[in-house]
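The values are calculated or read from the model by the stated rules, or taken from the named source; none is laboratory data. Quick caveat: nothing in here was measured; it's all calculated off a predicted structure. FYI the Cβ positions are ideal-geometry reconstructions off the backbone, even for glycines, and counts take in every protein chain you see.
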Amino acid sequence: MVRSRPVAYLAMDRRTFVKKSFVTAAGAVLANRGFAAKSLLSQENGSGAVAPSEIDAARFPSGFLWGLASASYQVEGAWDADGKGESIWDRFSHTVGKIKGAATGDVSCDQYHRYKEDIAILKRLNQKSYRFSTSWARIQPTGTGPLNQKGIDHYSRLTDAVLEAGIRPFCTIYHWDLPQGLEDRGGWPNRDLAAYYADFAGILAKNLGDRITTWAPFNMPWTFTYYGYGIGVFPPGKANFDLFLKAAHTVNLAQGEAFRAIKATSSKATVGSAYGMAPAYPKTNSEADRAAAARYHAMNNVYFLNTAMYGEYPKAFVGEPPYKAMGFKPGDEKIMKVPLDWLGFHYYTRRIVSEARGGSRSGTTGHFGTETEGDGGSSSRDPLTQIHVEMPTEGPLTEAGLEIWPRGMYDLVTRISREYNHPVIEISENGCCYLDAPDETGHVPDTRRIAFHRQHLAELARAIADGAKVRAYHAWTLVDNFEWADGYSQRYGLTYVDFRDQKRTIKDSGLWYGRVAASNSLDA
């Protein structure tokens with residue numbers, strides 16, 4: 001998933017750089033001096049932090065599913081092995097200038113060949129759920145037509161190994177790596193992809209549905225449609241707001257069609273999704289800013305969830321949804337509406353939102369008002385949304401530049417619970433980037449990552465105590481991996497990977513997380 005700021009916003013002003021540098025250095029000093037990880041954030045992060053007493057008191061229900069997450073292109077490697085076709089991320093990463101450090105996912109963590117080693121780590125860490133994704137181009141090399149049996153066989157072996165370890169396989173069907181052959185037909189803006197995708201989902205359910213019962217059709221659909229077609233920082237690199245609207249609508253259709261295809265094929269299947277969400281806080285208490293924050297929530301958080309639950313788009317726009325630009329047709333509302341069995345979403349950080357009326361779609365940044373825009377004024381706001389979004393820096397920052405704000409976990413979980421009638425929830429991702437490496441003893445003392453997860457889990461436990469039906473938490477991520485446009489410059493793993501020889505070293509955070517999973521408490 002994307003966790004750092006969009007590429008266009010990587011440049012920081014001096015104040016932000018100084019604050020980021022101070023937080024990073026201070027965290028390293030505290031870790032080296034042996035300060036308790038659970039107090040690290042609370043000393044720095046005012047209202048966003050959790051008191052140590054609340055962390056110690058946090059408990060999780062019996063049977064709670066502790067898990068780790070990954071994604072096919074980010075970990076598998078073997079990009080052209082055993083009949084796999086080219087994906088849009090293969091094409092994009094092989095294009096000069098697209099990925100930091102000229103990195104590719106050609107080898108990455110080589111999980112295609114080393115999956116048993118990684119599953120052994122999951123078992124050692126007492127995990128009960130492994131969220132992985134499938135590569136569409138590995139199973140249907142061009143996106144349509146006959147399946148590649150060697151691709152199916154790989155995921156069958158992976159699934160069997162996960163089950164043999166006593167772990168639930170959680171399959172995300174699509175995590176951004178569209179077959180290039182389908183992009184050549186127009187990509188997600190082409191509504192024909194909804195039917196192609198449903199065929200692919202049906203193939204998976206037919207071949208794996210006897211063993212996999214937990215399915216998420218998409219990972220962060222807003223991100224790959226907006227970043228790929230709206231602003232062009234992800235493949236296929238197009239920047240046109242109408243293409244984003246069309247792509248998003250096709251994905252909403254595909255979500256509904258895939259749900260029915262899976263259910264028709266596998267009687268054991270439960271289908272939810274894995275949405276990216278960030279709690280939106282109004283910049284001021286003005287009615288205008290509160291309304292803008294509500295539009296952000298509708299556009300960036302529940303744009304794909306609301307269509308599934310109610311068959312209609314949420315109030316993300318000023319005025320009526322732009323149905324013509326979307327390619328909306330009569331009857332689409334019935335295709336989109338499906339009774340999801342559970343809701344999954346990621347949480348990384350929060351947003352501060354204000355109104356931005358009077359903007360135009362021809363501004364300098366081209367970000368259309370639906371994501372962070374820095375301090376460039378209001379000239380680039382999209383008239384359909386009329387929102388200005390900031391990524392605040394009041395709390396400490398991770399090494400990816402994201403603010404640490406644990407309270408957002410509680411706010412987001414309880415809000416989704418209220419708005420969607422207390423559904424079963426899975427936290428499909430939560431994690432942080434720190435570059436800690438093995439020390440002279442061979443250990444990876446990533447104290448700040450422990451502090452991050454401890455604080456966020458305490459807020460999740462509080463949400464559960466207040467009535468949220470949360471059954472699972474998946475830390476991002478199992479192993480350090482290819483982080484999309486950032487290449488290998490960021491490390492989110494609870495396991496360190498030396499990409500020179502693929503050696504895995506479980507970090508201190510991973511060992512701690514394993515103890516948490518065994519005890520259902522944070523004082524492990």
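Working carefully through the options Gly151, Gly181, find the one that is out of contact with any helix residue (DSSP H, G or I) (no Cβ under 7 Å at 6 or more places or on another chain) and either in a helix (DSSP H, G or I) or among the small types (Gly, Ala, Ser) (or both). Of the residues listed, the single one that is out of contact with any helix residue (DSSP H, G or I) (no Cβ under 7 Å at 6 or more places or on another chain) and either in a helix (DSSP H, G or I) or among the small types (Gly, Ala, Ser) (or both) is Gly181.
Being modelled with pLDDT under 95, touching a Phe, Trp or Tyr at 6+ places or on another chain (Cβ under 8 Å), part of a helix (DSSP H, G or I) and on the phi < 0 side of the Ramachandran plot is a property that does not hold for Leu30.
Restricting attention to the range 170-178, does a residue exist that is over 19 Å from Gly83 (Cβ atoms), in a loop (DSSP other than H, G, I, E, B) and either among the aromatic types (Phe, Trp, Tyr) or modelled with pLDDT under 95 (or both)? For the range 170-178, residues over 19 Å from Gly83 (Cβ atoms), in a loop (DSSP other than H, G, I, E, B) and either among the aromatic types (Phe, Trp, Tyr) or modelled with pLDDT under 95 (or both): present. Across the range 424-460, the qualifying residues are those that are of a type in the set (Val, Ile, Thr) and in contact (Cβ under 8 Å) with a residue 40 or more places away in the chain, and the one among them that is farthest from Ala71 (Cα to Cα) is Thr447. Pairs linking a residue in the range 263-288 that is more than 30 Å from Arg211 (Cα to Cα) to a residue that is surrounded by fewer than 19 Cβ atoms within 10 Å (Cβ to Cβ), with Cβ atoms under 6 Å and 6 or more positions apart or on different chains, are Pro279/Asp411; Pro282/Arg290.
Counted as qualifying within the range 381-491 are the strands (runs of 3 or more DSSP E) with 2 or more residues that are farther than 27 Å from Ala58 by Cβ, namely 387-390. Residues that are more than 17 Å from Ala216 (Cα to Cα) and either basic (Lys, Arg) or touching a helix residue (DSSP H, G or I) at 6+ places or on another chain (Cβ under 6 Å) (or both) within the range 421-439 comprise Cys432, Tyr434, listed in sequence order.
Residue under question is Gly145, and the condition is that it be out of contact with any helix residue (DSSP H, G or I) (no Cβ under 6 Å at 6 or more places or on another chain), surrounded by fewer than 23 Cβ atoms within 10 Å (Cβ to Cβ), among the small types (Gly, Ala, Ser) and farther than 27 Å from Leu478 by Cα; does it hold? Judged against the criteria, Gly145 is a match.
Taking every residue in the range 505-524 that is within 11 Å of Val444 (Cβ to Cβ) and pairing it with any residue that is in a helix (DSSP H, G or I), at least 6 positions away or on another chain, the pairs with Cβ-Cβ distances below 6 Å are Ser509/Arg449; Ser509/Ile450. Within the range 492-518, the set of residues being in a loop (DSSP other than H, G, I, E, B) and either small (Gly, Ala, Ser) or on the phi > 0 side of the Ramachandran plot (or both) comprises Gly493, Gln502.
For the range 334-341, check the following and say yes or no: at least one residue is surrounded by fewer than 21 Cβ atoms within 10 Å (Cβ to Cβ), within 20 Å of Tyr229 (Cα to Cα) and touching a Leu at 6+ places or on another chain (Cβ under 7 Å). No, because not a single residue in the range 334-341 is surrounded by fewer than 21 Cβ atoms within 10 Å (Cβ to Cβ), within 20 Å of Tyr229 (Cα to Cα) and touching a Leu at 6+ places or on another chain (Cβ under 7 Å). Can you name the residue in the range 275-324 that is out of contact with any helix residue (DSSP H, G or I) (no Cβ under 6 Å at 6 or more places or on another chain) and basic (Lys, Arg) and is also nearest to Tyr226 (Cα to Cα) among such residues? Out of the qualifying residues, it is Arg295.
Restricted to the range 290-303, and to residues there that are in contact with a strand residue (DSSP E or B) (Cβ under 6 Å, 6 or more places away or on another chain) and closer than 25 Å to Val338 by Cβ, the residue that is surrounded by the most Cβ atoms within 10 Å (Cβ to Cβ) is Tyr296.
One residue stands out in the range 82-107 among those that are hydroxyl-bearing (Ser, Thr, Tyr) and either outside any helix (DSSP H, G or I) or over 23 Å from the mean Cα position of the chain (by Cα) (or both): the one that is nearest to Leu147 (Cα to Cα), namely Ser87. When the criteria are applied in full, Lys268 meets the requirement of being surrounded by fewer than 17 Cβ atoms within 10 Å (Cβ to Cβ), basic (Lys, Arg) and either in contact with a Pro (Cβ under 6 Å, 6 or more places away or on another chain) or over 19 Å from Val251 (Cβ atoms) (or both).
Identify all residues within the range 277-289 that are in a helix (DSSP H, G or I) and either of a type in the set (Asp, Glu) or crowded, with 17+ Cβ neighbours inside 10 Å (or both); write none if there are none. Correct list: Glu287, Asp289.
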